[in-house]
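The values are calculated or read from the model by the stated rules, or taken from the named source; none is laboratory data. For clarity, every value in this text was computed on a predicted model and none was experimentally measured. For neighbour counting, all protein chains shown are included, and Cβ atoms are generated from backbone atoms with ideal geometry for every residue, glycine included.
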Amino acid sequence: MARLMAIDYGTKRTGLAITDELQIIASGLTTVSTSDLLAFIADYSKKESLETIIIGEPKRLHNEASDVEQDIQKFIRKLSKTLPKINIARVDERFTSKMAFQTMIDSGLSKKKRRDKNLVDEISATIILQSYLYSKS
C-alpha cells in the first residue's frame, strides 16, 4: 500500500504528517516553508509511494471558507498538475491548532517548546490525517 500525507497549509509554513505503508498510524513528518512545499512533496513522492494527499480545509464557525482558502485552491491546482496520479482529499480542520496546543500541554511539553509554531503545525497536520483515517474506517 502507499502512504497518505496530510497538509496543514499556512501562508508562511506548512505542517506535514504521513501514515505508515499500511495506513494505520499517523505521524508528524515535518514543517516546511510554504514556498518550498510543492518541491518538497514532489521530491518525497519520488522516494515514497503516496496514494492520497489530505489537505486541511479551514473554515470559520459558520461554515464559511477562511481567507487562506484561495491560496489553498491555487496550491491544489499546481499539485494536481505536478502529481496528477495522486488523489487529493479535503478535511475540515477547524480547531486543529487548538487541539494541537492542548496535545502539547497534555504530553508535558515545556512552555518554550509549546511556542514552537513549527511543532504546532506538524501536530495539526497529524490531527488532520488522523481525522481522515477515522472517517475512512
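Screening Leu83 with (1) crowded, with 16+ Cβ neighbours inside 10 Å; (2) at pLDDT 95 or above; (3) within 13 Å of the chain's Cα centre (by Cα) gives one miss only, at (3). Among the residues of the range 36-68, the ones that are surrounded by 14 or more Cβ atoms within 10 Å (Cβ to Cβ) and within 21 Å of Asn87 (Cβ to Cβ) come to 15 in all. Beta carbons closer than 9 Å, at least 6 apart along the sequence or on distinct chains, pair a first residue in the range 26-38 that is in contact (Cβ under 8 Å) with a residue 12 or more places away in the chain with a second that is of a type in the set (Phe, Trp, Tyr) and assigned to a helix (DSSP H, G or I) for Ala26/Tyr132; Leu29/Tyr44; Thr30/Phe40; Val32/Phe40; Ser33/Phe40; Thr34/Phe75; Leu37/Phe75; Leu38/Phe75. Contact annotation: residue pairs with Cβ atoms under 7 Å, 6 or more positions apart or on different chains, pairing a residue in the range 64-91 that is small (Gly, Ala, Ser) with a partner that is surrounded by fewer than 13 Cβ atoms within 10 Å (Cβ to Cβ) and modelled with pLDDT under 95, are Ser66/Arg60.
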